[in-house]
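Reviewing the structure listed below.
Read the figures in this text as sums done on the coordinates, not as results from a lab. These figures come from a predicted structure and were not determined experimentally. In this analysis, Cβ positions are derived from the backbone assuming ideal geometry, glycine residues included, and neighbour counts consider all displayed protein chains.
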Amino acid sequence: MTKYPSTLQQAIQYFSNWDNCKDFMIAMRWPDGKVRCPTCNSDHVTYLEKARLWKCYAKHPKAKFSLKVGTIFEDSPIGLDKWLTAMWLIANCKNGISSYEIARGLGVTQKTAWFMDHRIRLAMQERGADPFGGSEIEADETFIGGLARNMHKNKKAKITGTGGAGKAIVMGLLDRHTSKVRLRHVPNTQAASLQPFIRQYVRGGSYVFSDAWVGYHGLEHDYVHNVIDHAEKYVDGNVHTNRIENFWSLLKRTLKGTYVSVEPFHLFRYLDEQAYRFNERKRNDGERFIGVAQSVVGRRVTYSELAGRTESAAEPLLA
């Protein structure tokens, strides 16, 4: 079995060699070692060593393809050595890493590093996830945004209300059995926004722990709903939401300390990143990196989509 890097230093040295990059990507994309055409899935292909491309013998357009075709790397002029190093950093920096740091470290522009970051976050996104396997789930929501006292007076004037007014809202679920989270950027804290998310990922009959917010009223019909009223206390035996609230502190430390300013339009991408690192925190750096590398196929986002120039850039309903 091939031994892959386990530290950042080893990763930089290992992926500086093209043959290592090639062998690694083949192993991630085609575990059986047979390179297949991304267009027709035929394994009747030949490797063109000088061009670093493969050619498919089936008759169809674009018979030649590289390792990047059909992945988050497609149409990128950046070499795999830099791509894989950036992926290692994003997968393993506990509090995230800004595009400016990646730009300085890899010798690319900040705009390029920002685009790379979002492509890698797409590979970290959990899709088609099954309901939680545990029977004890904590549910909570939090507000993401700057303090009103720090806002420009023109922006502050546009905000009506108090507390979370003008801020983005994130709904979170934490499975106490696996200590894994699921997150979603929701439009408001009403039951119509919060409860469908709970019903999607929590099996009927499970124990659900939440605060006394009215948006959770009605869950008792399908779950064993335990409520902790934070106006009175924060823990009552096994009834609390401390674990999901601990996760909120980690998320906000990342957003405020590393990324500083996140557009609500892109918030779900940063949630995917933080949720992946948190859910995979018990694995070592190399294992987390490989987990992302195995998810690069069939996922692609263009710069126009990220810049909001196309409709497909909108946040998916099921993040």
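Neighbours of ASP130 by Cβ distance under 15 Å: Lys/Arg scored +1, Asp/Glu scored -1, total +3.
Model label sites at TYR234 and ASN95, defined 7 Å from Cα along the beta-carbon direction, differ in position by 2.1 nm. Taking the DSSP beta bridges with both ends in the chain, the antiparallel portion is around 75 percent. Each stretch of four or more DSSP H residues adds -39500 (n - 2.57); spread over every residue of the chain, this sum gives -10000 deg cm²/dmol at 222 nm.
For THR85, neighbours were defined as the other residues whose beta-carbon sits under 15 Å from its Cβ, and their charges (Lys and Arg +1, Asp and Glu -1) total 0.
Ignoring aspartates and glutamates fewer than eight residues from LYS94 along the same chain, the ones with Cα atoms less than 14 angstrom from its Cα are ASP272, GLU273, GLU280, ASP285. Run the paramagnetic zone check for LYS282: 7 angstrom along Cα to Cβ, then residues of region 176-199 with backbone nitrogen under 11 Å. The answer is 177-180.
Inter-part distance, region 107-133 to region 42-77, computed on C-alpha centroids, equals 24 Å.
The fraction of Cα-Cα pairs per 10 angstrom bin, counted from 0 for the chain, comes to 5, 23, 29, 23, 13, 5, 1, 0 percent, rounded to whole percents. Given R0 = 41 Å, the distance between the Cβ atoms of ASN242 and LYS34 translates into a calculated FRET efficiency of 0.25.
Under a cut-off of 20 Å between alpha-carbon atoms, report the lysines in cross-link reach of LYS233, not counting same-chain residues fewer than 8 places apart. In chain and number order, there are no partners.
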